[in-house]
Amino acid sequence: MTARDGSPAYIIAARRTPVAPRGGALAHLQADELAAPVLQQLLLDAGLSPASVDHVILGNALYAGGNPARLAALRACLPAGVPAMTIDTQCCSGLDAITLGVRMIEAGAADCILAGGAESFSRSPIRMHRPVTRDAEPVLYARPAFAPPPFDDPDMTDAAARLARDRTVPANAQAGFAVVSHAKALGAKSRHADRLVECVPGVRGDDFTRPLTLKTALRAPVLAGSDGCELTAATIACEADGAAAVLLVSERSWKRSGRSGLKVAAARSAGGEPSDPALAPIGVARSLFAELGKTAADFDIVELMEAYAVQAMVTLGELGFDTDAINRHGGALARGHPIGASGAVLMVQLFEQLARTSGNAEETGRRQGLALIAAAGGLGAGMAVEAVICDQKREIAR
């Protein structure tokens, strides 16, 4: 690869699979099998050849090695010479993978990158600690440590339950938030069908989404918490399978493409207290506001991860977003949470709502978008984008 001048990064295509609950419609597919058709479709959408790809970067949280990104790239029939890397920042992985791709383009190290995330809860490996002595038995474990002693390293659900209690977020308010998420997702099903890659015949939508009533949500089993601030199966995103990715290009390649899309205005990853992982995106958002000279009111569409209703509600309360701008097509409470892919799903949702209408901004008035997500260990990630229109003849003439 020859050296290139740095450039802003542009998203000119975005795709995802449907998201299905663990053990559901996608249960027989490995993470890389989910990602491969997404990568292929992105290139078809943009009219680019596989040989034009400089790098593939995917997030994955559950596989503990094996480099699923490389497997996905080869399954997608990319040339063997195209490098691929897998990163793990838990729930932030998919968005951090896109950020890493953005940084490579900004540094002049690449012109074209496929970036996103893939996760299969259904096919993820069974985890065991190797015994220390020969006569000991392997020890099963559900999750790795996200922070070492003396840091507090709570289970994510326990941390969310503590947040609900400390901020006094009632169970019925959380349930109401989940009901709205499902309603939005149901209303948007037909709108985002053209962003979905049908990796399993007949599976054309997020099959966890349903007409959820407040009465039904309040009857859901309690999974954590007490004192009227309980977390239930309706207010925690279900474990899920899915993949999502975007096609990132340099400014020169964007102008040549003639495609409308999203310009990445800023991207941030940050850390917070491991004991309060849900709060990490608040600092990320404030850093982005300061960098861009914007406020919450300047963003027309915000995709906020709903791993827990209480986490999303507290974040919204702290940052002051217009509730009409948040998760206009529903959130993870209505889809499910394929951990390593969820951050990339947010970006596909942004692309769907901003790039789809960027050619008719007068009608929609929607130009600025923001994605935010929290992760175990007190990590957060965010990305701000702007819808852009490419007039191919005019841009090439420049």
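The values are calculated or read from the model by the stated rules, or taken from the named source; none is laboratory data. Just so it is clear, the model here is predicted, and its values are computed rather than measured. Note: ideal-geometry Cβ built from the backbone for every residue, glycine included; neighbour counts use all protein chains shown. Accessible surface is based on the protein model in full, side chains and every heavy atom, while ligands, DNA and RNA are left aside. Shrake-Rupley method; radii C 1.70, N 1.55, O 1.52, S 1.80 Å.
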Q.
Being out of contact with any Phe, Trp or Tyr (no Cβ under 8 Å at 6 or more places or on another chain), without any contact (Cβ under 8 Å) to a residue 12 or more places away in the chain and assigned to a helix (DSSP H, G or I) is true for just one of Ala285, Ala290. Which residue is that?
A. Ala290
Q: Please find, among Val180, Val197, Val203, the residue that is over 21 Å from Ala25 (Cα atoms) and either among the β-branched types (Val, Ile, Thr) or modelled with pLDDT under 95 (or both).
A: Val180
Q. So which of Ala80, Ala73 is open to solvent by less than 30 Å² (accessible area, probe 1.4 Å) and hydrophobic (A, V, I, L, M, F, W, C)?
A. Ala73
Q) Can we say Ile339 is modelled with pLDDT of 95 or more and closer than 19 Å to Lys189 by Cβ? A) no
Q. Across segment 167-188, what is the total count of residues that are farther than 19 Å from Leu304 by Cβ and either assigned to a loop (DSSP other than H, G, I, E, B) or open to solvent by less than 80 Å² (accessible area, probe 1.4 Å) (or both)?
A. 3
Q: Check Ala51, Ala109, Ala25, Ala64 and return the single one that is free of Cβ contacts under 8 Å to residues at least 40 places away in the same chain and either among the charged types (D, E, K, R) or surrounded by fewer than 24 Cβ atoms within 10 Å (Cβ to Cβ) (or both).
A: Ala51
Q: With respect to Thr86, determine if the residue is without any contact (Cβ under 8 Å) to a residue 60 or more places away in the chain, touching a Leu at 6+ places or on another chain (Cβ under 9 Å) and buried (at least 24 other Cβ atoms within 10 Å of the Cβ).
A: yes
Q. Within segment 106-141, how many residues are farther than 30 Å from Phe351 by Cα and touching a Phe, Trp or Tyr at 6+ places or on another chain (Cβ under 8 Å)?
A. 4
Q: Having 1 or more residues that are in contact (Cβ under 8 Å) with a residue 40 or more places away in the chain and under 17 Å from Gln174 (Cα atoms) is the bar; report the helices (runs of 4 or more DSSP H) wholly within segment 307-358 that clear it.
A: 309-319, 332-335
Q) Filter segment 270-303 for residues that are among the polar types (S, T, N, Q) and open to solvent by less than 50 Å² (accessible area, probe 1.4 Å); which is nearest to the chain's Cα centre (by Cα)? A) Ser287
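Condition check ((1) under 20 Å from Ala64 (Cα atoms); (2) in a strand (DSSP E or B); (3) touching a strand residue (DSSP E or B) at 6+ places or on another chain (Cβ under 9 Å); (4) open to solvent by 50 Å² or more (accessible area, probe 1.4 Å)) across all residues:
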| site | (1), (2), (3), (4) |
| --- | --- |
| Gly116 | yes, yes, yes, no |
| Pro125 | yes, no, no, yes |
| Ala142 | yes, no, no, yes |
| Phe151 | no, no, no, yes |
| Arg165 | no, no, no, yes |
**Q.** Every residue from segment 189-222 that is open to solvent by less than 30 Å² (accessible area, probe 1.4 Å) and outside any loop (DSSP other than H, G, I, E, B)
**A.** Leu196, Ala217
Q: Quick one: Gly258 ticks every box in (1) at positive phi; (2) at pLDDT 95 or above except a single one, so which number is it?
A: (2)
